[in-house]
1. Hey, for a label at Ile722 modelled as a point 7 Å past Cα toward Cβ, could you say which residues of the stretch 593-622 have their backbone N under 20 Å away?
2. Measuring from label point to label point, each 7 Å out along Cα→Cβ, what is the Val348 to Glu327 span in nm?
3. Report, in debye and to the nearest 20, how large the dipole of the chain comes out about its Cα centre when Lys and Arg carry +1 and Asp and Glu carry -1 on their Cβ.
4. Rounded to whole Å and sorted largest first, what semi-axes of the equivalent ellipsoid does the C-alpha gyration tensor of the stretch 1-155 yield via the square root of 5 times each eigenvalue?
5. As an exercise, use a Förster radius of 56 Å and the Cβ-Cβ distance of Met680 and Gln126 to find the FRET efficiency, rounded to the nearest 0.05.
6. Could you tell me which of rounded, prolate or oblate describes the stretch 225-278, using a ≥ b ≥ c as the square roots of the eigenvalues of the alpha-carbon gyration tensor, with rounded for a/c under 1.5 and, failing that, prolate when a/b is larger than b/c and oblate otherwise?
7. Hey, can you grab everything whose amide H is under 5 Å from the amide H of Gln123? Only 5+ residues off in sequence or another chain; H modelled, so Pro and N-termini drop out.
8. How much mean residue ellipticity at 222 nm does the chain get from its helices, if each DSSP H run of length 4 or more adds -39500 (n - 2.57) and you divide by all residues, to the nearest 500 deg cm²/dmol?
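Any read-out appearing in this document is the output of simple, stated calculations on the displayed coordinates, not a laboratory observation. If you're wondering where the values come from, they're calculated on a predicted model, not measured in any experiment. Because the Cβ atoms are built from the backbone with ideal geometry, glycine has one as well, and the counts that use them run over all protein chains shown.
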Amino acid sequence: MTLIGMLHHRKDPNTVIKSYAYAVVAMAEGADFIYFTPKSVSFENQTIEGYVYKNGSWQKKITPFPDVIYNTGSPEKLEASKDIINQLRETIPFTTVSLGNKWGINERLKKGKEFSKYLIPAQILQEWKDLLNFQTLYQDVVVKPMDGRKGQGIYFIKKCDQGFIVNKDSKDKVYTQNELKEFLQSLLQENTYIVQPYVKSKTKTGLIFDFRLHAQKNGEGKWVITTIYPRIASDGTIVTNINNGGYTNYLMPFLNQEFNDEEALNIKRTLEYFTLALARHLDELQMLEFSEVIDEIGIDVGLDENQKLWIYEVNWRPGCPPAFYLELDVVRNTIQYAIYLANNYEKVKQDIRQFKKKDMEKRKVPIIAVTGSAGKTTTKSFITSILKTRWNTFESKDYWNRTDHTQIHADLINSSHQAVVLEYGMGFPGVITEHCRIIQPNISVITNVGMAHIGNFDGDIKKIAKAKSELIHGTKKNGILFINKDCENSKLLETDQFKGKIITTGIKNPADYRAYDVSYAENGMEFKVKLQDKEWSFFIPIYGEHHVYNALNAIGVADYLGFSPEEIKSGLLFRKPPRRLTVYQLKQAITLIDDSVHSTPQGVKAAIDVLKNISPNRKIAVLGRMIGLGNRRVEQYQQIGKYLVKQGVDMVITYGRYAQGIGYEAIAAGLPIENFKHFMDEDAMHEYLLNVLQENDSILVKGASIMNMFNTVQFLKSAIGIDNRQTTSEK
């Protein structure tokens, strides 16, 4: 049985008249119903203490979290509990979604274009001149608060011989220009107002009228018309709202009274079509921008002397129509839709994703996915930095590269994004396939194929390549694939069946995008690349030849997408990911290299290269254990030990289980035995480092994220101190 929660800011349901109707209709529809406030929520127990309607009265009851929440009450008063409400939204579907204020809805409809021709020209009033210019252009204007409700605070202004006539609440008042200017300034101090031209929508007897179009989703999740009815203002005012003296009529009797038979029928059909069409359109815009659906709107429209429709405003929480049977229709649709949403929430979310996917395909949005054993995050950051020089680009968050992260990103991408750049991580077979199922890329980058997670693949590099190849199979058939020509293991990738275009990058071997004259510079790397048969020099603010490969991928993607070499050069001056070869100059002229975010054999060797190339004096490597190597661990540790000696590292310190194997192999390769030390205790290692570090030393700190090697970086920065007179490569 579906449990529907009615969320309101008032504690006592007896003070909320409509709560009774919702409770009774829910019961009739076979659902349980509980009224509650944010303060009654217990996240610890996953319960709420609210009120249920039983035996003719509201009774307190504690229930589990509802299956769906009908979101009502004052948005302003619920704002104080937004953290609680947002936490509820993470797991429970909500009905009655906000569309924002009048101005925001207008701007959204302008962007959507389809209904922009029905919008009355409008402007936010900033100063007196804005009103004066509008008055000159349109003669009669309406001024109303941006967040106004129930027809309150609306002014009709027109010129007269004495100056201006201002009408509010059926009363006219004459102002001189200076008086109106002062009056407007006082209004703007209290609220934000917009100005619009006045649309003449009058009955035969001269009374102002408009139409309220009320639409909802029903128990099948489909839009239906709840009602359409005219609202007529009282004599002497332009405000049709019932709270301000207006009254209503039934649609057809009113149309038959004001128009001939054919006109009346055509207007009725137009209003019905317009109601459902605009509801669906706003629903689509909400999906594209906020990854959510709306379920109820009230549209106020006018009909000018030429029978052209004009949208006055759209309300996302319209009041109930002034007839009891219609009020029950509203409640019934709300309850039935709440039950539908509770039972079909996953389907609704999937429908939203599919709609957004089709929109991106229609707009031909570049969706770029990056995977590889190393360099994913930096490559993603390089690409995003370049694309942002011209486009509004969505970038996957930080180091978020799991499939659940991609699911979150799918909901965050909206219609304003002109490009999408994502990082796809992989620890097991099938993971990248799932990434691509959630968001399918049309441009893919495989940085390299290395030993990361090889323990999950029986120590077989071919199985790693096969898992990475899932990105090739998951990319659009006519998409683009970037491959590292210098990576021997990348030859194992399953490229044979790829029908799109393959583009290569490299340094050592000929490639479509090849870097040459690669060298270390102050705080980064310099290299050259030929673009469009012309040589260009580039600089990246991060050390290491391996990062030149990452930059090459970004250069290739951006060049393919039509970015100029100048834009690419500018974008490569990126804000690099934290803890990725960040260099700190400490006191005593000690250089600290922080590469503590992650560790693979390939990444360790690359970091050792940086240590060698930027350190003119004694070189110390502090290396934590690596994980995920399986039966290849001993072999890979031995290779790193040899590589340390080959690259001239003077002292090796290892930390964590099995990591001592690196030092033993380094000793076997020629490292003096007294220059190696292994630790299992972090504090002991820190104390030792303070004793052995000397002036002008360079020290690299690297290890698997699980080893928390960043603690060592923080310790050294604090214990020795940053030399503020020196610059660092941290950007």
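1. Inside the label zone: 593-597.
2. Rounded to a tenth, the inter-label distance reads 2.6 nm.
3. 900
4. Result for the stretch 1-155: semi-axes of 41, 16, 15 Å.
5. The formula returns an efficiency of 0.25 here.
6. Since a/c reaches 1.5 but b/c is at least a/b, the shape of the stretch 225-278 is classed as oblate.
7. Correct list: Val195.
8. -11500 deg cm²/dmol
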